[in-house]
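Trainee: For reference, the structure I am asking about is given below.
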Amino acid sequence: MEQNTQYGQQAPVNNDLDSLYVTYGDMVYRLALVRTRSTADAEDVVQEVFLRCLKNCPTFESAEHQKAWLLKVTVNCSKSLLGSAFRRHAVPEDAAGELVADSQEADPTVYDAVLRLPEKYRTAIHLYYYEDYAVREIAALMRTSESTVKSWLHRARGMLKEALGGDYEV
Amino acid sequence: MKFKDAYRRTNDSVHVRADLLETIRYRQAKAQIEEAEKQKKRRWWIAIPTAASAAMLAGLAIVVGLRVGQNKDVAATAEQAPSALDSIVEKPILSNAIFDTENSDLYNFETVDSYETLAQRIEERALQSAEYVGDLHNVVATALNEEQTMVEGVVYSLDIEQSCLVVSVQSDEKTTETARVPLEPTEAGEMIVYQKQILSENRLFVIGTAYASEAKNGMHQPNTIILTYTLADRTEPMHIATLRQDGEFESARIADGVLTVISYDSVTVSEERHSPDDLCPHIAVNGQTARLPIADIYINPQSSDNCFTVITAIDAGSGTQFAAHKAVLGGGDLIEEEKQHPYLTP
């Protein structure tokens with residue numbers, strides 16, 4: 001997909017599939033990829049998220065509300081996928097290099113370090129560092145307490161420091 | 001280089017396939033056709049003569065009445081008779097959590113012969129720094145979604161709202177509230193953060209972490225609290241037990257009729273001499289606190305972390321007692337789960 005996603009507070013609420021996909025497709029895919037660590041699984045999650053959106057036709061107050069809804073459904077869909085009986089017995093995981101191979105901007109070392117974190121840690125890291133969500137918002141998205149999210153971020157940062165050495169300022 | 005910048009740039013280079021949109025359109029069209037087929041069938045059912053419908057409804061009412069009565073009987077029996085606690089210990093969920101890992105390459109837990117030995121090991125650890133890095137890729141992480149729970153063919157959803165647990169029945173079209181459970185009043189000076197709700201047959205478990213400025217009733221702070229409610233009458237849940245285990249709540253799930261609860265209990269080491277009660281994890285049932293027996297405590301030599309991972313099993317049928325409990329010192333800063341096995345990683 002050549003067109004990079006643009007979203008944020010200024011974006012209008014999109015209801016038709018095409019504009020929804022253009023606006024939020026990458027966002028949903030990136031979170032799903034971080035959670036599932038597999039392109040095939042992440043694409044399954046993307047399909048499920050947009051199908052649910054089309055089926056339920058939720059009314060959104062704002063673009064931020066719409067974005068948060070999609071992220072929450074992404075978390076839930078990938079959770080269901082990871083919890084499925086098939087997934088528990090067959091877990092093909094793509095290497096980080098394969099997931100971000102084609103770009104000079106990409107840093108597989110950093111991505112690999114994040115993918116090696118436990119599921120909820122890497123989700124919290126992604127929402128915090130990439131989606132710029134506050135701890136309170138991450139807690140609401142992941143249905144947990146703020147203290148738990150703080151604890152996840154703290155532990156995740158420690159693990160990232162250990163994995164990345166002194167090359168990166170975490 | 002800043003991690004945030006590198007991570008952002010990397011993510012910016014990741015894009016979803018454009019042609020996936022066609023697949024979504026196809027699946028949406030297919031779903032619409034299937035829904036239309038369902039609607040046709042529904043219309044056919046509406047055309048059944050009223051008398052026949054009434055007769056069916058009457059029959060259904062009798063069946064439902066019998067089922068509700070049966071549920072109440074089951075709940076009453078579970079509360080009166082002791083549950084088969086011994087059989088739970090034999091179930092794989094707890095035994096595998098510890099014993100399956102003894103022969104694995106990743107972990108080799110040590111047993112402890114006395115509380116004195118344990119205290120000595122804890123103090124040694126306080127002087128060390130953690131060096132071991134777990135091989136996370138050897139661990140399969142799965143999460144079980146228990147926010148929505150299917151019981152007897154009905155999807156229930158659970159939510160916490162203003163110190164109440166709201167139980168709702170979900171259908172495609174709407175969510176209908178069926179019960180509102182006031183959570184147990186907090187003890188003086190204690191703050192409880194409720195983090196998990198699990199519905200299983202006639203039992204509802206509300207799990208969270210209790211924080212207080214100082215230790216209460218011999219428990220460490222913070223500790224995990226498990227409130228058990230009976231749902232024999234689904235519209236009037238009744239609180240029947242409060243269980244606690246030392247440490248901050250980490251994870252809970254139900255498998256094969258056993259509720260497994262995992263918490264982290266950090267050990268605070270000072271220069272004063274420690275008693276076993278200072279160091280060892282505890283459990284409590286309705287305010288009665290007990291220290292974990294030394295036979296249920298293990299040491300993970302591959303981690304120098306001074307933190308117990310406390311794992312307990314509760315018979316989900318009664319929910320009033322702990323059936324089994326284990327703790328691993330340095331057992332895990334992380335827990336990864338499959339349905340049958342929690343894995344501990346240092």
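The values are calculated or read from the model by the stated rules, or taken from the named source; none is laboratory data. Quick caveat: nothing in here was measured; it's all calculated off a predicted structure. Positions of Cβ are backbone-derived with ideal geometry, glycine not excepted, and every protein chain shown enters the neighbour counts.
Trainee: Of the residues that make up the stretch B:182-200, is at least one over 13 Å from B:S263 (Cβ atoms), at pLDDT 80 or above and of a type in the set (A, V, I, L, M, F, W, C)?
Mentor: yes
Trainee: Another question, then. Between a first residue in the stretch B:10-22 that is of a type in the set (G, A, S) and a second residue that is buried (at least 19 other Cβ atoms within 10 Å of the Cβ), which pairs have beta carbons less than 8 Å apart while being 6 or more apart in sequence or on different chains?
Mentor: Final answer for the pair search is B:S13/A:V100; B:S13/A:A106.
Trainee: Taking A:L81 as meeting all but one of (1) within 11 Å of chain B (Cβ to nearest Cβ); (2) surrounded by fewer than 21 Cβ atoms within 10 Å (Cβ to Cβ); (3) modelled with pLDDT under 85, write down the number of the exception.
Mentor: (2)
Trainee: Answer with yes or no whether A:V28 is farther than 25 Å from B:K30 by Cα, modelled with pLDDT of 90 or more and within 8 Å of chain B (Cβ to nearest Cβ). It would help to see each step written out before you state the result.
Mentor: Values: farther than 25 Å from B:K30 by Cα: no; modelled with pLDDT of 90 or more: yes; within 8 Å of chain B (Cβ to nearest Cβ): yes.
Spelling it out, it is not the case that A:V28 is farther than 25 Å from B:K30 by Cα, modelled with pLDDT of 90 or more and within 8 Å of chain B (Cβ to nearest Cβ).
Trainee: Mind checking whether some residue in the stretch A:91-106 is assigned to a helix (DSSP H, G or I), out of contact with any Pro (no Cβ under 7 Å at 6 or more places or on another chain), at pLDDT 85 or above and under 15 Å from A:A42 (Cα atoms)? Explain how you work it out, then say what you get.
Mentor: Taking the stretch A:91-106 as the starting set, the residues that turn out to be assigned to a helix (DSSP H, G or I) are A:96-99.
When the remaining residues are screened for being out of contact with any Pro (no Cβ under 7 Å at 6 or more places or on another chain), the result is A:98-99.
From what's left, at pLDDT 85 or above: none.
No: zero hits.
Trainee: Output the strands (runs of 3 or more DSSP E) that fall wholly within the stretch B:225-297 and possess 1 or more residues being free of Cβ contacts under 8 Å to residues at least 12 places away in the same chain, or say none.
Mentor: Numbers: elements: B:238-246, B:248-255, B:258-266, B:282-285, B:288-291.
So the answer is B:238-246, B:288-291.
Trainee: Within the stretch B:298-346, restricting attention to residues that are at pLDDT 85 or above and in a loop (DSSP other than H, G, I, E, B), which residue is farthest from B:D278 (Cα to Cα)?
Mentor: So, considering only residues that are at pLDDT 85 or above and in a loop (DSSP other than H, G, I, E, B), the one farthest from B:D278 (Cα to Cα) is B:G317.
Trainee: A further question follows. Being more than 9 Å from chain B (Cβ to nearest Cβ), out of contact with any Asp or Glu (no Cβ under 7 Å at 6 or more places or on another chain) and not hydroxyl-bearing (S, T, Y) is the filter here, so list the residues in the stretch A:33-47 that pass it.
Mentor: A:A40, A:D41, A:D44, A:V45
Trainee: One residue is enough: does the stretch B:228-249 have a residue meeting the conditions more than 28 Å from B:E177 (Cβ to Cβ) and acidic (D, E)? Explain how you work it out, then say what you get.
Mentor: Of all residues in the stretch B:228-249, those more than 28 Å from B:E177 (Cβ to Cβ) come to B:244-248.
Now narrow it down to the ones that are acidic (D, E): B:246, B:248.
Within the stretch B:228-249, one or more residues are more than 28 Å from B:E177 (Cβ to Cβ) and acidic (D, E).
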